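What follows is one structure encoded as structure tokens, with my remarks underneath.
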Amino acid sequence: LHDGLGLLRGAACPHFDGEADRRPALRRLIGHGFPPTLAADDGAAFHFVGRRLHECVSSRSQARCFRVERRGRAVLETPIATRFLGARGA
């Protein structure tokens with residue numbers, strides 16, 4: 001899909017840690033001017049209320065969400081607090 005489903009503004013990248021080429025490809029795109037993007041590891045998801053990001057959740061204890069953006073020449077991955085939905089120690 002060229003423009004996704006059109007439900008939300010911006011860009012999102014699922015499976016951020018699930019495919020070897022996914023992270024470097026997104027970083028390269030952003031380095032060349034692609035808009036800031038929300039990225040989620042396998043097992044993590046974004047919970048929106050309306051058009052606003054409410055929280056990030058995960059079914060895997062190590063799965064995380066990020067905001068990936070360009071600042072100057074650097075591409076930054078800023079972790080977003082992610083709530084694990086499973087039982088700790090399970």
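For this structure, a couple of remarks:
- Averaged over its residues, the chain has an accessible area of 71 Å² per residue, based on protein heavy atoms and a 1.4 Å probe.
- Gyration tensor (alpha-carbon) shape descriptor, the stretch 1-77, a/c threshold 1.5: oblate
- Dividing the summed -39500 (n - 2.57) terms of all DSSP H runs of n ≥ 4 by the residue count of the chain sets its mean residue ellipticity at 222 nm at -3500 deg cm²/dmol.
- The chain, accessible surface, carbon-and-sulfur percent (1.4 angstrom probe): 53 percent
- Lys, Arg +1 and Asp, Glu -1 on Cβ, resulting dipole of the chain about Cα centre, debye, nearest 20: 340 debye
- Accessible area of Glu19 in the full protein assembly, 1.4 Å probe (Å², nearest 10): 90 Å²
- Helix 22-31 vs. the chain, principal-axis angle (Cα, 0 to 90°, nearest 10): 40 degrees
- Ordering Ala74, Phe46, Val57 by Cα displacement along the dipole of the chain toward the positive end leaves Ala74 in first place; charges were set at the Cβ atoms of Lys, Arg (+1) and Asp, Glu (-1).
The values are calculated or read from the model by the stated rules, or taken from the named source; none is laboratory data. Predicted model, so just to flag it, every value in this text is computed and none were measured. Cβ: placed from backbone, ideal geometry, glycine included. Neighbour counts: every protein chain shown. Side chains included, ligands, DNA and RNA excluded: accessible areas come from the protein's heavy atoms. Shrake-Rupley method; radii C 1.70, N 1.55, O 1.52, S 1.80 Å.
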